[in-house]
Amino acid sequence: MISEPEMVDEFGAVGAGEVVGDFDQRPVVGPRPRRPWRWAVGGAVLASALWAGALYMHPVGAPEPDLHGYRMDGDPCPTVRLKAIGAAIAPRESTPGIEPEHLNDPALDRAKCFISLRSPAAKKPIRSRWYTEYSVGVTVTLHKRTDPAVEFEAMRGTADSGTDVDAKVEKVPNLGDSAYLLTQDDGNAELRVREGGAVLSLSLASYAQFDSEDGETPPDEGPDTSDLSPYQSAMISDMRDLMNSLKR
């Protein structure tokens with residue numbers, strides 16, 4: 001497993017569906033179906049139950065999480081440099097392919113964006129009509145009212161597409177309070193970090209593209225783009241850079 005120079009042999013892959021360290025239970029697959037409320041329940045009883053649940057989930061007087069100096073005064077996505085990934089794969093495109101998301105709320109601040117890397121198709125000549133495209137996803141969430149630690153650990157084996165029992169989860173030391181790398185065999189990897197109330201994610205996706213002419217059908221299935229292990233150290237380096245850029 002490739003890591004940053006100072007982190008060689010500090011984290012490694014585990015078997016399919018397993019987790020390094022004390023993580024010995026898989027998350028529940030998918031949310032359970034919600035049962036409809038029985039309207040015969042009195043309003044006062046329902047209100048009491050909801051209030052009791054709120055007290056259990058968010059006890060009165062619980063301290064707010066430490067943000068360790070993280071702030072989001074605006075959209076951080078335009079300033080994400082991706083120096084290491086840019087050197088290992090390709091520089092980032094100047095304009096995003098998908099409009100970024102940005103939320104400011106008294107409970108949390110959140111920003112999410114997808115960044116395309118410069119396509120090899122723009123470089124002529126192309127050695128092969130098959131080439132690999134890459135995109136990077138960045139999500140930053142600052143929890144200002146509730147501690148996200150328990151939720152962060154519970155979601156360790158869950159990707160955007162749902163729970164993947166075949167995904168590899170690798171614990172990454174010396175990065176925030178807790179960090180792990182989630183790798184799927186379909187060309188997707190995601191590095192997640194929690195430091196106090198700040199939760200950050202940097203994902204990398206790869207997919208094969210065919211330079212077709214007049215709607216020509218590709219002659220074969222194209223290259224295998226599933227192995228992202230050569231770029232793990234670059235992901236860690238760019239995550240460190242992102243974390244430092246958000247601290248004041």
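The values are calculated or read from the model by the stated rules, or taken from the named source; none is laboratory data. Source: prediction; values computed, not measured. With ideal geometry, Cβ positions are generated from the backbone for all residues, glycine too; neighbour counts draw on all protein chains shown. Keep in mind that these areas ignore ligands, DNA and RNA; they rest on the heavy atoms of the full protein, side chains included. Shrake-Rupley method; radii C 1.70, N 1.55, O 1.52, S 1.80 Å.
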Exercise for the section: Starting from the stretch 220-248, keep only residues that are over 15 Å from Asn188 (Cβ atoms), then list their pairs with residues that are aromatic (Phe, Trp, Tyr) and open to solvent by 30 Å² or more (accessible area, probe 1.4 Å) whose Cβ atoms are within a distance under 7 Å, requiring at least 6 positions of separation or different chains. Expected result: Gly222/Trp130; Gly222/Phe210; Pro223/Trp130
Exercise for the section: Inspect the stretch 212-224 for any residue being over 18 Å from His143 (Cβ atoms), assigned to a strand (DSSP E or B), open to solvent by 30 Å² or more (accessible area, probe 1.4 Å) and polar (S, T, N, Q) and give the result as yes or no. Expected result: no
Problem - Matching option when the condition is over 21 Å from the mean Cα position of the chain (by Cα), of a type in the set (S, T, N, Q) and modelled with pLDDT of 55 or more, among Ser48, Ser135, Ser119 - result: Ser119
Practice task
Determine, yes or no, whether Arg192 is within 15 Å of the chain's Cα centre (by Cα) and open to solvent by 30 Å² or more (accessible area, probe 1.4 Å).
Solution key: no
Exercise for the section: Within the stretch 75-107, work out how many residues are surrounded by 15 or more Cβ atoms within 10 Å (Cβ to Cβ), outside any loop (DSSP other than H, G, I, E, B) and either out of contact with any Pro (no Cβ under 7 Å at 6 or more places or on another chain) or small (Gly, Ala, Ser) (or both). Expected result: 7
